[in-house]
Amino acid sequence: MSNGKTKRVLIITYYWPPSGGAPVQRWLKFAKYLERFGWQPVIYTPENPESFYDDESLMRDVPKDIEIVKSHIWEPYDIYRMLTGKKGEKIAVGFTSADKKKGVSHNLLMWLRGNLLIPDPRIFWVNPSVRFLKKYLKENPVDVVVTTGPPHSLHLIGLKLKRKLKVKWLADFRDPWTNIYYIDDLKLGKIAKSIHSRLERKVVSCADIVTVVSRGMKNYFESVGASNIEILTNGFDREDWKRCDITQDKSFTITHVGTLTPFSNPVSVWQALSELCKSNATFNSSLVIRLVGHVDSKVLEYIKQCGLIDKTVIVGQVTHDDALKYQLRSQVLLLAIPNVINSEGILTGKFFEYMAANRKILAVGSKRSDLIKILKDTRVGDLVEYDNVAETKGIIENYFEFYLLNQLNSNGYNAEVYSRVEITRKLANILDKML
């Protein structure tokens, strides 16, 4: 254990500002607030990560005196670009590219990626990081080491440090591993599936503590060998909203923030909106659909088929600050949980930001999900299933009636338990117990 009152925690994360996107938020916010609870965070991250996009506004949340340790990472993305003719393009997670026609070369490279780069393309950073951190930790002791994934390669760094240095180790899972919804896209063979499962079991059984974002994930990891597991949800940061002074749109604006893929295309919403536009002239003249972030071409094609494309505004990728402003301008916030097997445990960070915006949340997903309990407890919105157009239409009609009366805001109940400060307090308690 380190000397002095303040305890040190080494956080090994692939995602760190100025890299943008949802994966950055969780441990950036933990690092921001940990010192309030007696823990000094130290960040270990690549000096040259493959960033899908940068967001300089996130640098505001990086503590001024935080120690950030970096080392070089080699990733095979340039080889992929060269072989697929995508020189200079940003490549999505796992080499996926749903918007473009996939030829033989793409499918072959996906097979090679899934069966040779196990668990993911960041595997080449594992051994160099272990060598680097063995030396660093001997010279700069910490009380706990944290690894957060995906990418799950980072958990292998924690596993090796645990074995070599006997460190206290917390393995944090923002998303599942072998049962993540896009696992079939990786075209895994039997051997690769076996290796993934074996590594997953080793990580969750050897870590001193495993943290997950939902009860569904907790149940799954217990089934594969985790015995000391804690639920540590994502949350919202009230300070983010203090920087936003926004007036709501006069239109009945329904906004989705984030990536919309074919897995998460909220078809019941588009169908319900289409029917309402045809039957209600006031609704038709008031409706605006705003999509902030990347939207798959298949989703746009479905919106077009429903006759809604002229009412749809495609904003594209924006900074985190601007994403919050679009949320505040809206009347309803749309949340789409991927319509896949094992979706019940998906609990995105975006949901908690929506909660803090004080706008009605219309979620599309399974009624068996962990999300439904929080929606009921906090009263911030409603959940409908992908195939239930009638229920979806009824809820939207109800929202629209309150919108016409200027009474639509969510007035959430007991939401503060999901603030980043309170979630960090819970994390600090977990870290304290590890000692």
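The values are calculated or read from the model by the stated rules, or taken from the named source; none is laboratory data. What you see is a predicted model; the values in this text were computed from it and never measured. Don't worry about glycine lacking a Cβ; one is built from the backbone with ideal geometry, like all the others, and counts go over all protein chains shown.
Looking at segment 381-400, can you tell me whether even one residue there is hydroxyl-bearing (Ser, Thr, Tyr), closer than 23 Å to CYS244 by Cβ, touching a Lys or Arg at 6+ places or on another chain (Cβ under 9 Å) and in a helix (DSSP H, G or I)?
Scanning segment 381-400 turns up at least one residue that is hydroxyl-bearing (Ser, Thr, Tyr), closer than 23 Å to CYS244 by Cβ, touching a Lys or Arg at 6+ places or on another chain (Cβ under 9 Å) and in a helix (DSSP H, G or I).
Return the residue satisfying two criteria in turn: it lies in segment 310-329 and is over 16 Å from LYS242 (Cα atoms) and either at pLDDT 95 or above or aliphatic (A, V, I, L, M) (or both), and of such residues it is farthest from the chain's Cα centre (by Cα).
ASP310
When the residues of segment 229-243 are filtered to those that are at pLDDT below 95 and farther than 16 Å from LYS350 by Cβ, which remaining residue is surrounded by the most Cβ atoms within 10 Å (Cβ to Cβ)?
Among those residues, the one meeting the criterion is GLU239.
Suppose we filter segment 365-377 for residues that are surrounded by fewer than 23 Cβ atoms within 10 Å (Cβ to Cβ), of a type in the set (A, V, I, L, M, F, W, C) and either within 17 Å of the chain's Cα centre (by Cα) or in a loop (DSSP other than H, G, I, E, B) (or both); how many remain?
0
Look through ILE246, ILE254 and report the one residue that is over 30 Å from VAL212 (Cβ atoms) and touching a strand residue (DSSP E or B) at 6+ places or on another chain (Cβ under 8 Å).
Step by step, each of ILE246, ILE254 is checked, and only ILE254 is over 30 Å from VAL212 (Cβ atoms) and touching a strand residue (DSSP E or B) at 6+ places or on another chain (Cβ under 8 Å).
Residue by residue through segment 33-56, note down the ones that are within 18 Å of the chain's Cα centre (by Cα) and outside any strand (DSSP E or B).
Hits for segment 33-56 are PRO49, GLU50, SER51, PHE52, TYR53, ASP55.
If GLY225 passes every condition in (1) crowded, with 18+ Cβ neighbours inside 10 Å; (2) small (Gly, Ala, Ser); (3) assigned to a loop (DSSP other than H, G, I, E, B) but one, which one does it miss?
Result: GLY225 fails condition (1) only.
Using the structure shown, decide if PRO121 is in contact with a Lys or Arg (Cβ under 7 Å, 6 or more places away or on another chain) and closer than 25 Å to THR348 by Cβ.
yes
Quick check on my filter: what residues within segment 412-435 are among the hydrophobic types (A, V, I, L, M, F, W, C) and touching a Leu at 6+ places or on another chain (Cβ under 8 Å)?
ILE423, LEU427, ALA428, ILE430, LEU431, MET434 - these are the residues of segment 412-435 that are among the hydrophobic types (A, V, I, L, M, F, W, C) and touching a Leu at 6+ places or on another chain (Cβ under 8 Å).
Which ones in segment 269-288 are closer than 25 Å to GLN317 by Cα and buried (at least 21 other Cβ atoms within 10 Å of the Cβ)?
VAL269, TRP270, LEU273, LEU287
So how many residues does segment 336-347 have that are crowded, with 22+ Cβ neighbours inside 10 Å and farther than 15 Å from LYS373 by Cβ?
Residues that pass the stated criteria total 1.
For segment 45-64, how many residues are closer than 24 Å to GLU422 by Cα, touching a strand residue (DSSP E or B) at 6+ places or on another chain (Cβ under 9 Å) and of a type outside the set (Val, Ile, Thr)?
2
Residues are listed down the side, and each one gets a yes or a no for (1) surrounded by 21 or more Cβ atoms within 10 Å (Cβ to Cβ); (2) of a type in the set (A, V, I, L, M); (3) over 21 Å from ILE430 (Cβ atoms):
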site	(1), (2), (3)
LEU10	yes, yes, no
GLY21	no, no, yes
LEU28	yes, yes, no
ALA31	yes, yes, no
PHE37	no, no, no
PRO41	yes, no, no
GLU47	no, no, yes
